[in-house]
Amino acid sequence: MPFQAIATFHVGEPGLTPLKTIRRFQSRRFVFGVRTSDTLFKVFQVIFSKSDGSLLVNIPYSSITHGILSKGRLPRGDVESQVHLEERGKVTSKLVKYSHHPDGKAHFSQDGKVRTEISRQSLPLAQAKGHLFTLHAQGLLQFAKEPTSTNANPSPSRTLLTFSFDEYCPLSLKFVGWWYHVKVLGERTSPGQIGPIVTSQKPDGRRSQSFIVGPLLGEPMEDHLLVLSCEARPILEKNEPYLLTLIGGFGTASALDPLSEAYFLCASYPASNYAALAQTIGSIDYQRDDSSPNAA
């Protein structure tokens, strides 16, 4: 049977609730790109593990390799607060991936290159609902290019999805991943059909696009999906041509305490004063003498 790039779910109870149809792209690995008038840039990957349903966000295409990984902390109730990543962070000279496992364990890692030390307990994927991760990217020229003629067919192992900006090249982009059970998304949408591509309009009239994606039917977490949005943003830092920031692993120390602090994980590239930070807070890169497969 030919591979079906789109999975369809029918949500609702006949005679009780309006029937809805949710359609999503399905694959084990999604490559998300940005297409301008003459160039296609590959920005990041979302991977659904076929072994246990873990969700991975991989950022292998950037030319920035020196960054800082940290456990962030924000006081509850603060509208705006400055986060000092070096307080609970370590530097790395590698591009990492963010992993969110079914049991809620969230961490940054890169097999054989980075030790898995920056981690925290977040919500299990079966309980998570809503915002799962955000990726900010400033400067598209930091990313690997793909020939604009690329027309690779979707497959179970890899699917390329692109956000198009034909009229201009955005200075900065914000990608947000929202995680839902198909029934929960059905409860939040109007009757009829939704997906796999959703177009919404901002209050200022700007239109933005989202993709609905998920794992292959028959594999772990098959009844969940990720809504991935993208929008152009103003420049984040005038003194840096390229920036890349990934945050996830959200949660609180105590959901019952309204004054408890909010916690998250953050990967930020580039790291200012990388050499000095490596001396003061340390690196999580495997060194030459501990990078073997048998290293702890």
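Here are the numbers:
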| read-out | value |
| --- | --- |
| Other-chain or far-sequence residues with amide H under 5 Å of PHE163's (modelled H) | GLY33, VAL34, ARG35 |
| Extreme residue, positive dipole direction of the range 16-280, given options SER210, ALA128, PRO196 (C-beta unit charges) | PRO196 |
| Assigned charges on the beta-carbon of Lys, Arg, Asp, Glu; the range 113-172 dipole about Cα centre (debye) | 400 debye |
| Pairs beyond 24 Å (Cα-Cα), from LYS129/LYS174; LYS50/LYS97; LYS113/LYS238; LYS105/LYS145; LYS50/LYS105 | LYS113/LYS238; LYS105/LYS145 |
| Extension gain (nm, one decimal) between VAL83 and LYS113, 0.36 nm per residue minus Cα-Cα | 8.2 nm |
| Alpha carbon convex hull of the range 16-280, volume per residue in cubic angstrom | 161 Å³ |
| Neighbour-count order for LEU244, LEU171, fewest beta carbons within 10 angstrom listed first | LEU171, LEU244 |
| Simple Cβ-charge dipole of the range 16-280, Lys/Arg +1 and Asp/Glu -1, about Cα centre, in debye nearest 20 | 420 debye |
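Each reported figure results from applying straightforward, stated rules to the coordinates on display, with no laboratory input. No experiment lies behind these values; they were computed from the predicted model shown. Cβ atoms come from the backbone with ideal geometry, glycine included; neighbour counts cover every protein chain shown.
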